[in-house]
Each structure stands twice: as structure tokens, then as C-alpha cells.
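So that we are looking at the same thing, I have put the structure below in C-alpha cells.
Nothing in this text is a laboratory measurement; each read-out follows from the coordinates by a stated rule. All figures in this text were calculated on a predicted structure; none of them were measured in a lab. Cβ placement follows ideal geometry from the backbone for every residue including glycine, while neighbour counts extend to all protein chains displayed.
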Amino acid sequence: MRAILDHVGIAVSDVRAALAFFRDALGLDVDPPEEVASQRVRAHVAHTGPAALELLESTSADSPIARFLAKRGPGLHHITLRVEDIRAALAHLKARGVRLVDEEPRPGAEGALVAFIHPSSANGVLVELKQASGSRLQASDSSIHRFTIGDLEVVTLFDGFFRLDGGAMFGVVPKPLWSRKAPADDRNRILLAMRPILVRGARTMLIDAGLGDKENEKFLEIYGVDRRRHLDHALAEVGLSAEDVDVVLATHLHFDHAGGFTTRDPSGRVRPRFPRAQYVVRRGEWEDATHPNMRNRASYLADNFVPLADAGVLQLVDEDRTIMPGVRVQRTGGHTPHHQIVFVESGGRSAAFVADLIPTAAHLADAWIMGYDLNPLDTLAAKQRFVKDALARDTLVLFEHDPGVAAGRLRDDGGNRSVIPA
Ligand SMILES: [Zn+2]
Ligand SMILES: [Zn+2]
């Protein structure tokens, strides 16, 4: 359990004297007061870096703060620790014999959920736990979505959530802008999904395969991996298992796309995860992945793709071409020099799997390009071309990493781009 100091609550009997000290003498910025009706208090938040001071003024003679003031006088009232999942935190503490004031969280200020721990279990300090509304503002979706494109069926699958540094995900975009669309956790990471694509037509094709199950605890911790629901569940929902996949196509070989290409067998050997499948990879991407440099090394893990060559199931392609009827690849470069996107076209309709060209719906604007990209100007050019074409053809856009929107159609209102979820 991780707990971050959110604020310190101070009971105030004379608010003018308190402001004279905290605001005027110390020079702290103090927000306009907020009424918290359920607690019958007025809170004045004074900013002191990542944590704040909360000056609490009672609005009723029988409020908890009024009773505290009557008994102890003004002073330190409580500390508030922010947790990611307040229900999990309460269960964790209860299991360790900690006495709770609130066994169930209740609504606090600014849409947060809060619960108090009894001072007798906390060295005499009243401790409040808080789950900020930010972690609930952003919808997350672990379900699959099925679409018909002419004669083909397209399914957005799911291999779990993970987290990457928000700054790295948005490149030169300042945090005050991106954090409104993708709230950061206490380690500055944002939530991302892994959504490989299934195409059923002449053959059964999987495009990318998520992270897979080979990584250790430390890796899962660093990337905040949540694979309680993963690719096997998603395939089972469509009535398929690994044996049913004929072709596996890679957009590129980063671990969040190619990790699921292989698995470790009971003897510890890494082998292809889809036993009947041919794996199709772009030759330039294969060369880069098997000869990594200091800049891209952390993203290319050899166990994800080298065993494919050893097993003789690897097929390298050199140029933009059709992989099976209705499915073609197009190189975008940018993110990696040979990164490619995939178009599914049939019966006059089209869908596009945009992989790391536009990883989430928040990356639609031209300048919102990942800091990870090796050639951001190539990303920019490819994105401009793609968006123009997708608007003209009303293409269904499939987002690999958006935590809430698996697919949608683009809209452009005078240069302001958005997605209408499908
Ligand atoms: Zn990537
Ligand atoms: Zn990615």
C-alpha cells in the first residue's frame, strides 16, 4: 500500500487570526473557502507544495470540529493520506487489526472518497484516507468490442492495463494540459490499456498481443501492470483459444505489443504462444529490435521475438502490402523507424489500427506526440496524413492504448479534433 501526504487539517476557532498568520505572515496562497456540508465545516486550503494545509472552521455548534475545539482548543486536527484504492486500503488495514472509524468510504470534498482511522490505532493522530476523484474521472474499459467491416469481423481485444510516465507519453505538452485528459498517479504515471486486434476473414489474424505473462514482479511494479483480465479471457469471449490463430501480425516489437507473442513452457523454455501461427514482422523493425541501441534497448526484450525465428515461424516483409484479403500494413515511421499501422478494408468500409502513431484519443492533436518517439517529425507527418484520410473516409479508428476508448470515428470542428466512441 502506498500512502502520500495530501494535507494536514488544522482546527481554527478564529479564522481571521488564522489567515493573518498562514496567508499574510507566511505568504501562503489560500483558496476561496469551500463548504463541506456533511462535516458542517468551511475549509480554507493553503498551498504548501505537493501537500496542503486545510484550515477548518466550524459552521455549526455540533460539528465534529466544534466538539474538537471545545475539548482541545485550536490546533492540529488530522492528517490526510492519499491512496489509489481506498476500499483495498481499508481492507488491508482491517486485516492488520487497525481500528477504523469508517469501514466504508464516504464522499468528501471535490468528489473524493474518504475514511477515518481511529487515533487509538495511529499513535494518537486522527488519520484520514482519501481516494482523489482523479482516479475515477477517467473511465477505464477492459471489455472487448466487435465490429463488422464488410466481410470481415474486427474485435478489439484486451491484455490488461499498465502505466507509463505521463511526461514521456505527451512529449513537449506541459503537464497542466495533459493531466486534464490523463490524470497522473502519485508516481506521475498515467493509465494505459493494451488492446490487440482480432480480424476474422479468410484466416484468423491477431495484430499485436499485449504484454504477455513472462515478466517478473519488479517489472510489473514499475509499469503498474494490471492483467487480472488478459488476452486469454478476451479470446475466450470470442470463442477462440491460442490454437485458433493462423497469423500474428506485429505493428512493431516493443514489449507492450510483442510480449504476448511468446510464453514460457513448464520447462522454462520460451516458445511461440500461438502454436499454429505464422508471425509477420516488418524486416526493418526486426533488424532494429535485434540490434538495439542505448535509446531503444529498454523497449525491446529479446525473449518476445527471438524464439519466433528459432521456431521457424517468422515471416519478414519488406514493404507496405496486403497480409490477408482486406488487411494491409502501412509504414508510418516516427515512433520507431519501421513502425506500421494496419488498415482493414472491405465492402467500401474501413478500420485502422493506429498502434503507437496515435496511442490514445488524447494524442489526436498534431503536437501531442510521445517523448518516446525516435523521429517525432515523422510521427507528425504520418499523423497529419492519417487524420486527413480517416476524416475523408469515415474510418473506424482502433486505439491500442486508450484506457477508456477502444474505437471511434474522428471529428474535426475547425481544427479541434475529437473522437466519437463507437
Ligand atoms: Zn511502442
Ligand atoms: Zn505501445
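Only bridges whose two residues both fall in the stretch 181-305 count here: according to DSSP, what percent of them are antiparallel, nearest 5?
Rounded to the nearest five, the antiparallel share is 55 percent.
I've got another one for you. What are the residues whose amide H is under 5 Å from the amide H of residue 202, where those residues sit 5 or more places off or on another chain and H is modelled from the backbone?
Sorted by chain and number, the residues that satisfy this come to none at all.
Sequence gap at least 6, Cα distance under 8 Å: using those rules, report the relative contact order of the stretch 95-232 to the nearest whole percent.
20 percent
What list do you get for 420, 4 if you sort them by fewest beta carbons within 10 Å?
420, 4
Then there is this: Which parts of the stretch 1-40 would a label at residue 100 reach, counting a residue when its backbone N lies under 18 Å from a point 7 Å out along Cα-to-Cβ?
1-4
From the phi angles alone, apply the Karplus equation (6.51, -1.76, 1.60; θ = phi - 60°) to the stretch 381-392 and give each ³J(HN,Hα) in whole Hz, x where the residue is Gly or Pro.
5, 5, 5, 4, 4, 4, 4, 4, 5, 5, 5, 5
From the phi angles alone, apply the Karplus equation (6.51, -1.76, 1.60; θ = phi - 60°) to the stretch 408-422 and give each ³J(HN,Hα) in whole Hz, x where the residue is Gly or Pro.
Each residue's phi maps through the Karplus curve to give x, 10, 7, 9, 10, 9, x, x, 8, 8, 8, 10, 9, x, 9 Hz.
Follow-up. If each residue of separation counts as 0.36 nm, what is the full-extension length gain between residue 306 and residue 232 once their alpha-carbon separation is subtracted?
Length gained between residue 306 and residue 232: 24.4 nm.
Quote to one decimal, in nm, the extra length available between residue 38 and residue 187 on full extension: 0.36 nm per residue of separation minus the C-alpha distance between them.
Fully extending the segment from residue 38 to residue 187 adds 50.5 nm.
Give me, ordered by chain and number, the residues 5 or more places off residue 396 or on other chains with an amide H under 5 Å from its own placed amide H.
Result for residue 396 returns 350, 351, 352.
Quick one: Karplus J couplings for the stretch 213-220, per residue in order, coefficients 6.51, -1.76, 1.60, θ = phi - 60°, nearest Hz, x for Gly and Pro?
Karplus-based 3J(HN,Hα) across the stretch 213-220 equals 10, 8, 7, 8, 3, 4, 4, 4 Hz.
For a quick check: sort 1, 324, 194, 294 by the number of other beta carbons within 10 angstrom, fewest at the front.
By the 10 Å Cβ count, ascending, the order reads 294, 1, 324, 194.
Between the stretch 372-422 and the stretch 155-203, how far is it from one alpha carbon centroid to the other, in angstrom?
Going from one Cα centre to the other spans 14 Å.
Can you sort 221, 57, 237 by how many other beta carbons sit within 10 Å, fewest first?
Least crowded to most crowded, the residues run 221, 237, 57.
Continuing with this model, one more query. Calculate, in nm to one decimal, what residue 290 and residue 217 gain on full extension: separation in residues at 0.36 nm each, minus their alpha carbon distance.
That pair, residue 290 and residue 217, stretches by 23.8 nm at full extension.
Would you pull out the residues with amide H under 5 Å of residue 112's amide H, same chain only if 5 or more places away, H placed 1.01 Å from N?
Those qualifying (amide H under 5 Å, at least 5 residues apart or on another chain) are 133.
Expressed as a whole number of Å, what is the distance separating the alpha-carbon centroids of the stretch 277-343 and the stretch 1-75?
57 Å
Return the subset of 181/214; 175/214; 175/218; 130/181 for which the Cα-Cα distance in this structure is over 24 Å, preserving the input order.
From the list (181/214; 175/214; 175/218; 130/181), the Cα-Cα distance tops 24 Å for 181/214; 175/214; 175/218.
What is the spin-label model distance, in nm, from residue 392 to residue 84 if the labels are put 7 Å beyond Cα along the C-beta direction?
Here the modelled spin labels are 4.4 nm apart.
Say the dipole of the stretch 79-228 comes from +1 at the beta carbon of Lys and Arg and -1 at that of Asp and Glu; which of 125, 88, 184 then lies farthest toward its positive end?
125
Does a label point 7 Å from the Cα of residue 203, set along Cα-to-beta-carbon, have any residues of the stretch 298-322 with amide nitrogen under 15 Å, and which are they?
Taking a point 7 Å out along Cα→Cβ of residue 203, the residues of the stretch 298-322 whose backbone N falls under 15 Å are 312-318, 321-322.
Longest span of the chain, sites excluded, free of trypsin sites (Lys or Arg not before Pro) in DSSP loop with at most 14 other C-beta atoms within 10 Å?
It runs 322-422.
What number, rounded to the nearest 500 deg cm²/dmol, is the helix-based mean residue ellipticity at 222 nm of the chain, given -39500 (n - 2.57) per DSSP H run of at least four residues and division by all its residues?
So the helix-based figure for the chain works out to -5500 deg cm²/dmol.
Along the charge dipole of the stretch 297-422, pointing to its positive end and built from +1/-1 on Cβ of Lys, Arg, Asp and Glu, which listed residue (322, 361, 396) has its Cα farthest out?
396
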